[in-house]
Ligand code: HEM
């Protein structure tokens, strides 16, 4: 069978294609991508648990190409043990559960700031007014970006995401390169400053992080800070967009959450499973490997189809049923194992608080368009825009 993750039909709704893949070709060679794809949960799970066989490679560096603002060091996502183990131990110190918990009141305040203008309007695009800005503002605050530099920061963070989509227009590339040079200078100065006057932000935590007398270099901190923009913004935006869209398509499940606020954390887990914001991650085989669904030789690129694994009927009963009370603990939307998402606690904190605010502090809403276009991407899944109509009269 043929499978093109970039075809408009697959982008619109990949799930029927995934079902066919899992049943007919669970380990498939994709000629146009020169790459294998794994679609079953058991195979994806094995790959995530076996970094010595399914190694990470230069995928992030390649995606950024010559727009990479920190080419001197590898990205944590691309690293393998023992280098990854060392860097991850130190990076974890910037993302301790304690630090994330202390953010909750600020995250709630930012959510209220963003929701205030929406509440009064009869129609509003969720992505440009709420789910897009929220993670960028939260990360800016976490990193300790001064409020007066927030607009620059927004431009930088949009530009780094644009850089990963390999723009071909030379004028645009020059613009992005200049912008990211500015981002680099800004972070370098910030890191230098935090060495002498630390605050309670992530950069200060990374500057001070120490493990067996080992510390992070300035360039390593710089690369981590930039990666947080790449890895944390569009993903969280899509979690929120996917949650709202999926709820609107399942009014009976929406009603269940509206009737019981304590379901919000389970709702977030079910959205992550049912409509995963990251659909695909990449690996390269370090040796020949035999999987449940077939064999792959050494030295090959492999797509792990997380969005398909999360719908595998061999793992989840009635996987195509969206059930806000399911609370799946074994989905792989954040990956698993050594590269498990560093920002997962933050994404959950933002997701839970943002959805609670939309469902309980806003008038009831419906979708203001017949057709919602999905982002054209192999990697991420989420609506490009999501115009909502608020029933202000019923509020
Ligand atoms: C719903 C939102 C998010 C989703 C679905 C998501 C998904 C993922 C996935 C699947 C991986 C594993 C990649 C791999 O194994 O190759 C990952 C890694 C990572 N994520 Fe997230 N992510 C989200 C939000 C965030 C946020 C908010 C941040 C930071 C602020 C973040 C930072 C990272 C970092 C730094 C890594 C690399 C970890 C490593 O290589 O050790 N992510 N994420």
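Is it true that some residue in segment 112-123 is at pLDDT 95 or above, part of a helix (DSSP H, G or I) and within 16 Å of the ligand (Cβ to nearest atom)? The answer is no; no qualifying residue exists. Of all residues in segment 303-362, exactly one satisfies the criterion of being outside any helix (DSSP H, G or I), more than 16 Å from the ligand (Cβ to nearest atom), out of contact with any strand residue (DSSP E or B) (no Cβ under 7 Å at 6 or more places or on another chain) and closer than 24 Å to residue 233 by Cβ, namely 361. Say whether the condition of being more than 22 Å from the chain's Cα centre (by Cα) and surrounded by 18 or more Cβ atoms within 10 Å (Cβ to Cβ) is met by at least one residue in segment 230-248. The answer is no, given that none of the residues of segment 230-248 is more than 22 Å from the chain's Cα centre (by Cα) and surrounded by 18 or more Cβ atoms within 10 Å (Cβ to Cβ).
Among the candidates 77, 99, which residue alone is within 12 Å of the ligand (Cβ to nearest atom), assigned to a helix (DSSP H, G or I) and within 30 Å of residue 166 (Cα to Cα)?
On the way: 99 fails: within 30 Å of residue 166 (Cα to Cα).
Answer to the check: 77.
Considering segment 268-292, and only residues there that are touching a helix residue (DSSP H, G or I) at 6+ places or on another chain (Cβ under 7 Å) and away from the ligand (no atom under 13 Å from the Cβ), the residue that is modelled with the lowest pLDDT turns out to be 292.
Among the criteria (1) surrounded by fewer than 21 Cβ atoms within 10 Å (Cβ to Cβ); (2) in contact (Cβ under 8 Å) with a residue 40 or more places away in the chain; (3) touching a helix residue (DSSP H, G or I) at 6+ places or on another chain (Cβ under 9 Å); (4) more than 30 Å from residue 129 (Cβ to Cβ), the one residue 348 does not fulfil is (4). Has segment 54-73 got at least one residue that is modelled with pLDDT of 95 or more, within 15 Å of the ligand (Cβ to nearest atom) and farther than 30 Å from residue 292 by Cα? For segment 54-73, residues modelled with pLDDT of 95 or more, within 15 Å of the ligand (Cβ to nearest atom) and farther than 30 Å from residue 292 by Cα: present. Working only within segment 206-219, note down all residues that are crowded, with 21+ Cβ neighbours inside 10 Å and assigned to a helix (DSSP H, G or I). 206, 207, listed by residue number.
When you look at residue 44, is it closer than 18 Å to residue 277 by Cα, touching a residue at least 24 places away in the same chain (Cβ under 8 Å) and either assigned to a helix (DSSP H, G or I) or out of contact with any strand residue (DSSP E or B) (no Cβ under 7 Å at 6 or more places or on another chain) (or both), yes or no? Walk me through it before giving the result.
Working: closer than 18 Å to residue 277 by Cα: yes; touching a residue at least 24 places away in the same chain (Cβ under 8 Å): yes; either assigned to a helix (DSSP H, G or I) or out of contact with any strand residue (DSSP E or B) (no Cβ under 7 Å at 6 or more places or on another chain) (or both): yes.
Yes: the conditions hold for residue 44.
Before we move on, is residue 236 closer than 23 Å to residue 129 by Cβ and within 11 Å of the ligand (Cβ to nearest atom)? Considered against the rule, which asks whether it is closer than 23 Å to residue 129 by Cβ and within 11 Å of the ligand (Cβ to nearest atom), residue 236 comes out as yes. Remark: pairs (first residue in segment 269-283, within 14 Å of residue 351 (Cβ to Cβ); second residue more than 7 Å from the ligand (Cβ to nearest atom) and part of a strand (DSSP E or B); Cβ separation under 7 Å; 6+ apart in sequence or on different chains) = 277/380; 278/380.
The values are calculated or read from the model by the stated rules, or taken from the named source; none is laboratory data. Note that this is a predicted model, so its numbers are computed, not measured. In this analysis, Cβ positions are derived from the backbone assuming ideal geometry, glycine residues included, and neighbour counts consider all displayed protein chains.
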